[in-house]
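What follows is a single structure, written as structure tokens, with notes after it.
Laboratory data are not the source of any read-out in this text; all were calculated from the coordinates shown. Worth saying up front: this structure is predicted, and the values here are computed from it rather than measured. Here the Cβ positions follow ideal geometry from the backbone for every residue, glycine too, while neighbour counts run over all protein chains shown.
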Amino acid sequence: MELSIHINPELDVPIYRQLSDAIGTAIRKGELTAGQQLPTVQEVTESLCVARGTIKRAYDELERGGLVEKVQGRGTFVRYQPASSGSRKEQAMQAIDAMLDRLEGMGLSMAEISIFLNLKLRERADQEASVKVAVVECNPENLSQMSAQLRRKEGVDLYAYPVENVRAYPYQLEDFDLIVTTAAHAGFLEGTLSAKRRIAQVALRPSPACLSRIIKLRSGTRLGIIGYSLRFAQLLHATCQSYAEGVVLGRPITGEEGIDDYLQDMDAVLVPESCERYFASSTMDALRRFSGERINCRYEMDEGSLLYLEAKIQRIREEKTI
């Protein structure tokens, strides 16, 4: 069979994840039915011009998610059963039988299987007590900082999603207890997801260290703004319009553009904090040669937003343990 799948290398989403998400969506929608064989790794490689390892990783993800099953010597087959096909008990019994058959095929005794199952059940119970949180934002700079702030909180199982990824595969947020985003994307998420109460809107502000250095810039300073994403650079530009009095603002650009020529006309430049994580080595070399002032910038959730999230996370945790 042939798969009608579009892979976009420009997306900030790994190719294997785009592929596994697309196939998973087709399976859940019933476009690929239980027992149907997927194309071989070689066939998908030739069709999409993607490395074999990437295809194999996508198939492995689908197998871990219980959507497909690999049969030695035969291929990969859809195993997902829609909720409408039989009772929950029947589906559960079929899934357990299939799992036991595979474990016995590995040479495990029933006593060993029982021990391993109990261990895994206890592990799952511990995981369910944690709050599963998704952070959704349009630029990687803010997405990274928001995620870093929330990772410091105990009992939070955190995942970060670019908005573009959510637009392409919105179903992946359905299982989250809480979805954290900014005002720019709250409306889109409320119109996309089934449970609006799970969406928590937060406010971002420039970090005090970044804002302090911007305010202290002398009047007449020629200030450049370089972001990994144009959206982040535009946010910095808007902040400078409010706080950098008398400063001559350059147009905001990304690290992909001609940095050396841009920096020649600047006395100072704003860049994302930890910019070496984002920028190419050529961009970093240009920044190291720059003789003016370099200001590392980040946006972070304000205190009110963090208190609001802590209260919501605590309520969710209490509900999960009742």
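Structure summary
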quantity: Selected from Pro252, Val44, Gly155, residue furthest toward positive end of dipole (the chain; charges at beta carbon); calculated: Gly155
quantity: Cys with no candidate disulfide partner in the chain (beta-carbon separation under 4.7 Å rule); calculated: Cys49, Cys138, Cys240, Cys275
quantity: Calculated FRET value between Lys56 and Arg151, using beta carbons and R₀ = 35 Å, to 0.05; calculated: 0.70
quantity: Extension gain from Ala311 to Ser291, taking 0.36 nm per residue of separation minus the Cα-Cα distance; calculated: 2.6 nm
quantity: Set of lysines with alpha-carbon distance to Lys120 below 29 Å, sequence-local pairs under 8 removed; calculated: Lys56, Lys70, Lys89, Lys132, Lys153, Lys312, Lys320
quantity: Computed [θ] at 222 nm, deg cm²/dmol, the chain (DSSP H ≥ 4; -39,500 (n - 2.57); rounded to nearest 500); calculated: -15000 deg cm²/dmol
quantity: Degrees separating the helix 303-321 axis from the principal Cα axis of the chain, which is the longest one; calculated: 10
quantity: Relative contact order (percent, whole number), the stretch 264-322, Cα cutoff 8 Å, 6+ residue spacing; calculated: 41
quantity: Label-to-label distance, nm, for residues given as Leu103 and Asn8 (7 Å Cα→Cβ offset); calculated: 4.2
quantity: Additional length obtainable on full extension of the chain from Asp265 to Phe188, 0.36 nm per residue less Cα span; calculated: 23.8 nm
quantity: Dipole of the chain, positive direction: furthest Cα of Gly107, Ile27, Gly191, with charges on the beta-carbon; calculated: Gly191
quantity: Of [x] 18.8, 58; [y] 24.5, 78; [z] 22.7, 70, the label for Rg and Dmax of the Cα atoms in Å derived from the coordinates; calculated: [y]
